[in-house]
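Take a look at the structure below.
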Amino acid sequence: MGKVVLLLLVVVVGGAGGLYWNYNRNVGMEADLHKPRPFAKVSTPDLLKLIEAYQLETKRAKARVAAAPAGEDAIARKDASDLSGKADAFAAFQRENERWKAQRGNAMEHDAELQQLQFEKSIRDRHLDDPAYVFKQRLLTF
């Protein structure tokens, strides 16, 4: 009888030790939870609506800035001796280029927000926002 109890104790302690080791080995499963999540409090239906809206707006913004402005033609049309005209054409090109850079920055900000929204969606798709599910997965994934 004592040998059976000792064997049972060894099996239980060994199993618990193995589960503990496996739980710690799978710590990388929840690494995404430690990254910034600005949209963590947004409900899932609202998150999906936001993703759709940001995708549309990002597509539009990228289409507006698809081609960089070129001012060489306007400058070249001025006569070589018309330095004032060339300077004015260059200044106009600079203003247009600054507007384009601002629009491009806006498009990049929309893209960054879209990536954060999709990151939050990926966390929810993998059920990482459910602590019980994460605990079970870390414990039982071999």
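All of the numbers you see were taken from the coordinates with simple rules; none came from a lab. Predicted model, so just to flag it, every value in this text is computed and none were measured. Cβ: placed from backbone, ideal geometry, glycine included. Neighbour counts: every protein chain shown.
Only one residue in Arg25, Arg37 is touching a residue at least 40 places away in the same chain (Cβ under 8 Å) and of a type in the set (Lys, Arg), so which one is that?
The match here is Arg37.
What number goes with the only condition from (1) without any contact (Cβ under 8 Å) to a residue 24 or more places away in the chain; (2) closer than 30 Å to Asp129 by Cα; (3) of a type outside the set (Gly, Ala, Ser) that Val11 does not pass?
(2)
Kindly evaluate Met29 against the criterion of being under 30 Å from Ala16 (Cα atoms) and surrounded by 12 or more Cβ atoms within 10 Å (Cβ to Cβ).
Answer is yes for this residue.
Find the helices (runs of 4 or more DSSP H) located wholly in the stretch 48-142 whose residues include 2 or more that are among the hydrophobic types (A, V, I, L, M, F, W, C), more than 17 Å from the chain's Cα centre (by Cα) and surrounded by fewer than 12 Cβ atoms within 10 Å (Cβ to Cβ), and list them.
Result: 83-125, 131-140.
In the stretch 20-28, is there at least one residue being touching an Asp or Glu at 6+ places or on another chain (Cβ under 8 Å) and of a type outside the set (Lys, Arg)?
If we filter the stretch 20-28 for residues that are touching an Asp or Glu at 6+ places or on another chain (Cβ under 8 Å), which is where we start, we get none.
Looking for residues that are touching an Asp or Glu at 6+ places or on another chain (Cβ under 8 Å) and of a type outside the set (Lys, Arg), one finds none in the stretch 20-28, hence no.
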